[in-house]
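What follows is a short report on a single structure.
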Amino acid sequence: MFGYVTPLKDELRIHEYNTFKSYYCGLCFHLKNEFGNLPRMVLNYDMTFLALVLDSLNTEPIYTKMKHCLTSPIKKKPIILDNKALSYAAHININLVYYKLLDDAIDNKSLRSKLCAQLINPYKKKFSSSVYHINSVIQDNLQQLYALEKGGNFSSIDEICDPFSLIVAHIFKSYPHPVTDDNELVRENLFHFGYALGKWIYMIDALDDLEKDMEKGKFNPLNLLYNKDSLSYEDLIRQIQDTIAFTILNCGYNCKHYLTQLPVAKNKELLENIISLGMMDQYTKVMHSCGAKCSHSDGSSNTSSCQCKKDSINPKTS
Amino acid sequence: MTQSENISLNFYEEIKLMIENGKHTLAEAKLKAENEKTSEWHFLYSLILIQKTWFDSAKEHLQRAVELSPENAHYKNVLAKLMSRYHHYSDDYYRRPYYRRRRGCCCCCCDDDCCHFSCCDLICLDSCCECMGGDLIECI
């Protein structure tokens with residue numbers, strides 16, 4: 001589910017890339033300092049992006065220190081420390097993973113989920129009181145999501161995406177520290193930004209898991225909504241790629257739009273890279289690994305120049 | 001104009017005003033309570049759905065509005081804008097030299113197919129390389 005919101009490294013300046021890494025490593029250290037070593041396993045790029053966005057909405061300088069870590073025992077790396085946004089992201093990270101594992105365990109989806117939930121359970125005591133409200137929002141919406149997924153009683157992609165989108169929307173809106181020019185409008189824009197981002201993440205994850213879910217007979221919203229005729233995976237993707245592109249790319253558009261409405265005080269180019277280029281690159285990779293080879297949502301077709309190894313699908317004619 | 005047509009006009013004007021003033025939740029509730037679903041109903045509902053980030057549903061309602069009132073150029077115009085909206089976002093990426101170099105190919109040398117080292121192997125190799133003054137993997 002997590003790990004799709006990353007920068008496009010080829011289009012970043014070196015200092016921007018180093019800044020992103022220092023937030024990522026900073027999140028790891030905040031997880032360690034606030035929860036311990038074991039929960040560092042849940043570190044991911046999407047929570048790093050959460051911290052990056054929220055921290056970029058204030059003018060406070062970033063406190064960076066050169067430190068060793070497990071993955072870099074010899075060479076020191078710049079790591080952001082004592083950062084409110086990273087602390088919040090660490091709490092949210094643990095929270096989301098815990099409730100997801102709990103729901104997986106309750107549904108008896110796997111023993112592994114049960115054991116992992118047990119491992120994370122003691123860390124709940126360390127949640128700050130500032131995240132209690134968002135904890136209940138996450139729990140309620142995850143329960144609603146799993147009820148929808150289990151019952152299959154939804155009729156549009158918008159409906160099934162809504163609970164997870166609301167979770168991410170509230171995570172952004174409910175950030176418990178002040179941001180620049182903080183007011184109701186800024187918080188509403190954070191809500192809309194988070195909603196679009198959450199929807200993008202849910203859909204990319206559904207698209208990425210579609211083939212595997214169809215093979216194993218597991219729930220997938222795209223399969224349930226669009227595959228009434230029990231098509232093969234390749235035929236289904238060919239049929240729905242424009243429909244999926246329409247929603248995913250419009251969500252990307254919204255993220256880009258609402259970023260311009262937020263009072264971004266630092267890291268602007270890095271954020272723009274992630275939203276306009278990094279997310280697009282992830283979408284393109286997922287779409288191509290789905291077998292929609294050489295056929296793009298902009299209608300172009302590049303059959304002759306495609307060098308992809310998996311080329312069993314004929315390109316769609318525009 | 002009949003009295004019911006007048007009432008409908010006032011009702012839709014009221015909804016439009018709510019949408020313009022950002023009262024989308026109230027506008028949605030009032031629209032849903034209305035039984036008669038005209039082309040204007042579908043059109044206004046699609047505007048609320050666009051604001052909610054429910055693009056697929058908005059597209060369906062706009063298409064229904066156009067179907068019910070094919071002579072209405074405004075509905076067609078809004079539908080055309082919705083269908084082309086995301087190009088303002090995706091074109092940023094498709095016009096980059098990075099994308100044109102790779103032509104959208106997702107294959108890279110770090111795919112699972114060609115790399116058979118584990119994370120531990122890579123960390124050890126990188127540490128040995130750094131001891132000798134190099135840097136095998138920049139990010140660790």
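Only the coordinates and a few stated rules stand behind these numbers; no lab work does. Predicted, not measured: the structure shown is a model, and the values here were computed from it. Note: ideal-geometry Cβ built from the backbone for every residue, glycine included; neighbour counts use all protein chains shown.
Tell me the net charge near A:G26. Cut-off is 13 Å between Cβ atoms, A:G26 excluded, with +1 for each Lys or Arg and -1 for each Asp or Glu.
Around A:G26, the charge tally is +4.
Could you put B:T38, A:T247 in order, starting from the residue whose Cβ has the fewest other Cβ atoms within 10 Å?
Ranked by crowding around the Cβ, least crowded first: B:T38, A:T247.
Equivalent-ellipsoid semi-axes (√(5λ), Cα gyration tensor) for segment B:3-102, whole Å, largest first?
Equivalent ellipsoid semi-axes, largest first: 33, 15, 10 Å.
State the dimensionless ratio Rg/Rh of segment A:168-224 (Rg: radius of gyration of Cα atoms; Rh: Kirkwood radius).
My calculation of the ratio gives 1.24.
In the neighborhood of A:N250, defined by Cβ-to-Cβ distances under 13 Å, what is the net charge if each Lys or Arg adds +1 and each Asp or Glu adds -1?
+3
Which of the aspartates and glutamates could a cross-linker bridge to B:K76, judged by Cα under 14 Å and excluding same-chain residues fewer than eight apart?
Excluding near neighbours in sequence, the set is B:E40, B:E60, B:E67.
Using Cβ counts within 10 Å as a stand-in for footprinting exposure, how do A:T59, B:T53 rank, fewest first?
Least to most surrounded, the residues fall as A:T59, B:T53.
Taking a spot 7 Å from the Cα of A:T59 along the direction of its beta carbon, which residues of segment A:157-189 have an amide N less than 15 Å from it?
Inside the label zone: A:179-182.
Relative to 2.2 N^0.38 Å, what does the C-alpha radius of gyration of segment A:139-294 come to as a ratio? Two decimals please.
Working it through for segment A:139-294, the quotient is 1.13.
Too long at a 24 Å Cα-Cα cut-off: which of B:K37/B:K59; A:K84/B:K23; A:K77/A:K285; A:K228/B:K30; A:K76/A:K268; A:K173/B:K37? Spell out each step's value before the answer.
Values: B:K37/B:K59 16 Å; A:K84/B:K23 33 Å; A:K77/A:K285 29 Å; A:K228/B:K30 33 Å; A:K76/A:K268 26 Å; A:K173/B:K37 35 Å.
Listed pairs above 24 Å: A:K84/B:K23; A:K77/A:K285; A:K228/B:K30; A:K76/A:K268; A:K173/B:K37.
Percent relative contact order of segment A:9-292, based on C-alpha pairs within less than 8 angstrom and at least six residues apart?
Relative contact order, segment A:9-292: 19 percent.
To make sure I understand the rule: partners must be aspartates and glutamates, Cα under 17 Å from the Cα of A:K32, and not fewer than 8 residues away in the same chain. Which ones qualify?
Correct list for A:K32: A:D82.
Out of every Cα pair in segment A:9-292, what percent are spaced more than 36 Å from each other? Mind dumping the intermediate values first?
Working: 6418 of 40186 pairs.
Value for segment A:9-292 (Cα pairs over 36 Å): 16 percent.
How high is the FRET efficiency between B:N10 and A:L231 when r is their beta carbon distance and R₀ equals 45 Å, given to the nearest 0.05?
Calculated value: 0.40.
In a shell of Cβ-Cβ distance under 14 Å around A:V5, excluding A:V5 itself, what net charge do Lys and Arg (+1) and Asp and Glu (-1) give?
Its environment carries a net charge of -1.
Mind checking A:240-246 for the average number of partner chain beta-carbons within 10 Å of each residue's beta-carbon?
Mean partner shielding for this stretch: 2.
If neighbour count is taken as other Cβ atoms inside 10 Å, put A:E272, B:E20, A:E188 in order from fewest to most. Can you show the working numbers first?
Numbers: A:E272 19, B:E20 10, A:E188 15.
Exposure proxy ranking, most exposed first: B:E20, A:E188, A:E272.
Tell me, what is the percent relative contact order of segment B:3-102, built from C-alpha pairs under 8 Å that lie six or more residues apart?
Details: 64 pairs, mean separation 17.7, N = 100.
Computed value for segment B:3-102: 18 percent relative contact order.
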